[in-house]
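J.: The following block contains the structure, expressed as structure tokens.
The values are calculated or read from the model by the stated rules, or taken from the named source; none is laboratory data. The structure displayed is predicted, hence computed values, not measured ones. As a convention, Cβ positions derive from the backbone with ideal geometry for all residues, glycine included, and neighbour counts pool all protein chains shown. Surface accessibility is based on the protein's heavy atoms, side chains included, excluding ligands, DNA and RNA. Shrake-Rupley method; radii C 1.70, N 1.55, O 1.52, S 1.80 Å.
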Amino acid sequence: DETAGIQDRYRDILDSLPIPIWLRNAGNLISWANRAFVDALGFASLEEAVTANVALEWSERDLAERAMTEHESVEGRASVIVDGNSRVFSLSLNPMAEGGATGYATDITDRVRLEAKLQVVTDAREDMVERIPFAIAVFSGDRNLCQFNDAYAQLWQLPADWLNDGPSLGDILERLRARRALPEQRNFAEWKQAQLSQFNRSAFCGEEVWHLPNGKSVRIFTQPHLEG
């Protein structure tokens with residue numbers, strides 16, 4: 001009949017999509033899946049996959065159960081062996097009004113690998129900064145501290161726990177002023193504003209020497225960060 005014909009057309013459309021899509025009934029059993037799902041798991045037919053009650057990964061069943069129990073969409077990740085290669089999929093399970101759940105998976109392997117490479121680069125950069133004997137601090141565009149090395153904390157005798165909370169440059173200057181660890185200024189508010197105004201000049205590079213009350217002199221270099 002017409003309804004059956006429409007359902008068949010919908011299934012043909014879903015079968016043509018390159019991402020795995022499947023349905024689980026109220027008992028959390030596979031009731032239907034598209035060709036991409038069947039192929040990803042290495043089955044010859046949908047009937048074989050349904051009979052085996054397969055899953056992209058064991059956690060997918062748990063996600064489907066949560067979606068049905070909590071009546072809301074849930075997401076997760078799964079590592080799946082496809083054609084002998086390990087692939088990472090992002091899973092989305094969604095409850096159905098009549099019971100059961102529908103799921104779809106997106107291959108995010110390339111993105112995960114890129115994220116892992118970027119993390120290695122980030123870790124290497126942070127390790128390099130920590131090993132440099134000069135005091136280094138990186139501030140975000142909103143002037144909050146987002147990275148510093150041990151030499152920075154030691155130079156200004158600031159607690160690492162406090163620095164890890166990401167204080168603003170203004171807060172740091174105020175704290176150092178209270179300890180008389182900054183150059184004496186006739187107008188501290190004006191001097192502080194000049195320090196903060198550097199964030200408004202994206203191409204600014206500066207160098208100055210601070211003569212501290214304790215007799216030490218510190219050379220300060222300031223330059224814009226590539227990430228703002």
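J.: For an R0 of 30 angstrom, estimate the FRET efficiency from the Cβ-Cβ distance between residue 150 and residue 109 and round to the nearest 0.05.
T.: The pair residue 150/residue 109 has a calculated efficiency of 0.20.
J.: Please list, in order, the residues from segment 131-156 whose amide nitrogen is less than 19 Å from a point placed 7 Å along the Cα→Cβ vector of residue 124.
T.: Correct set: 131-132.
J.: Rolling a 1.4 Å sphere over the protein heavy atoms, what is the accessible area per residue of the chain, to the nearest Å²?
T.: Accessible area per residue, the chain: 64 Å².
J.: Could you check how many percent of all C-alpha pairs in segment 1-111 are farther apart than 22 Å?
T.: Everything past 22 Å amounts to 30 percent.
J.: Considering only protein heavy atoms, with the full assembly of protein chains and a 1.4 angstrom probe, order 211, 225, 71 by accessible area, largest first.
T.: 71, 211, 225
J.: Which of these values of Rg and Dmax of the Cα atoms in Å was calculated from the structure shown: (i) 17.1, 55; (ii) 16.6, 51; (iii) 28.9, 93?
T.: (iii)
J.: Given +1 on the Cβ of Lys and Arg, -1 on the Cβ of Asp and Glu, and no further charges, what dipole in debye does the chain carry about its Cα centre, rounded to the nearest 20?
T.: Once rounded to the nearest 20, the dipole reads 1560 debye.
J.: Starting from the amide H of residue 139, placed 1.01 Å from N in the peptide plane, find each other amide H under 5 Å away whose residue is 5 or more places distant or on another chain.
T.: The answer is 146.
J.: Which one, 10, 191, 55, is farthest towards the positive end of the dipole of the chain when Lys and Arg carry +1 and Asp and Glu -1 on their Cβ?
T.: Value: 191.
J.: Let me ask another. So if I take the centroid of the Cα atoms in segment 60-129 and the same for segment 158-228, what is the distance between those two points in Å?
T.: Taking the Cα centre of each part, segment 60-129 and segment 158-228 sit 43 Å apart.
J.: Something else now. Measure nothing but the geometry: give the 0 to 90° angle between the long axis through the Cα atoms of 109-131 and the longest principal axis through the Cα atoms of the chain, rounded to 10°.
T.: 20
J.: Assuming 0.890 mPa s and 25 °C, estimate D for segment 60-180 with Stokes-Einstein, Rh taken as the Kirkwood radius over Cα pairs, in µm²/s.
T.: 132
J.: Of the heavy-atom accessible surface of segment 64-112 (probe 1.4 angstrom), what whole percent is carbon and sulfur?
T.: Ligands and nucleic acids excluded, carbon and sulfur reach 46 percent.
J.: Which one of 194, 78, 160 has the biggest mean-square fluctuation once the chain is modelled by GNM with Cα springs under 10 Å?
T.: Looking only at 194, 78, 160, the biggest GNM fluctuation is shown by 194.
J.: Another question, if that's okay. Scale the Cα Rg of segment 113-228 by the rule-of-thumb value 2.2 N^0.38 Å and send over the ratio, two decimals.
T.: Dividing the Cα radius of gyration by 2.2 N^0.38 Å gives 1.14.
J.: Let me ask something else about it. Considering only protein heavy atoms and a 1.4 Å probe, what is the carbon-and-sulfur percentage of the accessible area of segment 115-163?
T.: 57
J.: Still on this structure: For the chain, modelled as a Gaussian network with Cα springs under 10 Å, which listed residue fluctuates most, 79, 217, 140?
T.: 217
J.: Could you work out which residue, out of 168, 197, 90, moves most in a Gaussian network model of the chain, that is, has the largest mean-square fluctuation with Cα springs under 10 Å?
T.: In the Gaussian network model the winner is 197.
J.: Residues with beta-carbon under 15 Å from that of residue 162, excluding residue 162: net charge, scoring Lys, Arg +1 and Asp, Glu -1?
T.: Net charge in that neighbourhood comes out at -3.
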